[in-house]
Amino acid sequence: MSLFKNPLVVHKLNDMRKLSKYFYNGTVFCNISFLHNSIGDQRRLLIVEDSCYEQVDEDSIDMPHLTPRVFTSRKKIFDTSDLVVRWRIHFIRINNYLKDMRNKREYERELDTFIHTDKSHPPIDV
């Protein structure tokens, strides 16, 4: 499944300024760490059901609600010791075209686990 048709690719936080000028159907953060942000800021960034903002220099950049977000990195970028942050992160394999490389069985298992679990407490096996 293709994730986006017109994503905003963010290599540095200043790239987020484009959100207010153009329409994007998703945001891809490439190798940006949010460990310096507070846990509350990390949570807000990961909750796509609500709009959030990111502080860029002197500006607050608004990310509209329901905007999908993908974070790519080989290093730790969020504080996963916080259960709310950890529950919001889903690790997936993607190819160069940003296509989800999970097979159908893996996708259905994750969806089934999400639907049948208390959303505020992650399941033990995920």
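The values are calculated or read from the model by the stated rules, or taken from the named source; none is laboratory data. Since the model is a prediction, treat every value here as computed from it, not as a measurement. Here the Cβ positions follow ideal geometry from the backbone for every residue, glycine too, while neighbour counts run over all protein chains shown.
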Residue satisfying all of: in the stretch 41-86; small (Gly, Ala, Ser) and over 19 Å from PRO7 (Cβ atoms); farthest from the chain's Cα centre (by Cα) among these:
SER60
Verdict on PHE78 being part of a strand (DSSP E or B) and either at pLDDT 90 or above or over 12 Å from VAL10 (Cβ atoms) (or both):
no
Among the numbered criteria (1) surrounded by fewer than 17 Cβ atoms within 10 Å (Cβ to Cβ); (2) small (Gly, Ala, Ser); (3) at pLDDT 85 or above, which single criterion is violated by SER2?
(3)
Just one of ARG43, ARG69 is among the charged types (D, E, K, R), under 11 Å from ILE89 (Cα atoms) and either at pLDDT below 85 or in contact with a Phe, Trp or Tyr (Cβ under 8 Å, 6 or more places away or on another chain) (or both); which is it?
ARG69
So which residues in the stretch 26-63 are surrounded by 13 or more Cβ atoms within 10 Å (Cβ to Cβ) and either part of a loop (DSSP other than H, G, I, E, B) or touching a residue at least 60 places away in the same chain (Cβ under 8 Å) (or both)?
VAL28, ASN31, ILE32, SER33, PHE34, ASN37, ILE47, VAL48, SER51
Hey, ARG86 outside any loop (DSSP other than H, G, I, E, B), touching a Cys at 6+ places or on another chain (Cβ under 6 Å) and under 29 Å from ARG109 (Cα atoms) or not:
no
Just to be sure I understand the filter: pairs with C-beta atoms under 7 Å, separated by 6 or more residues or on different chains, first member in the stretch 1-20 and assigned to a loop (DSSP other than H, G, I, E, B), second member β-branched (Val, Ile, Thr). Which pairs pass?
LEU3/VAL70
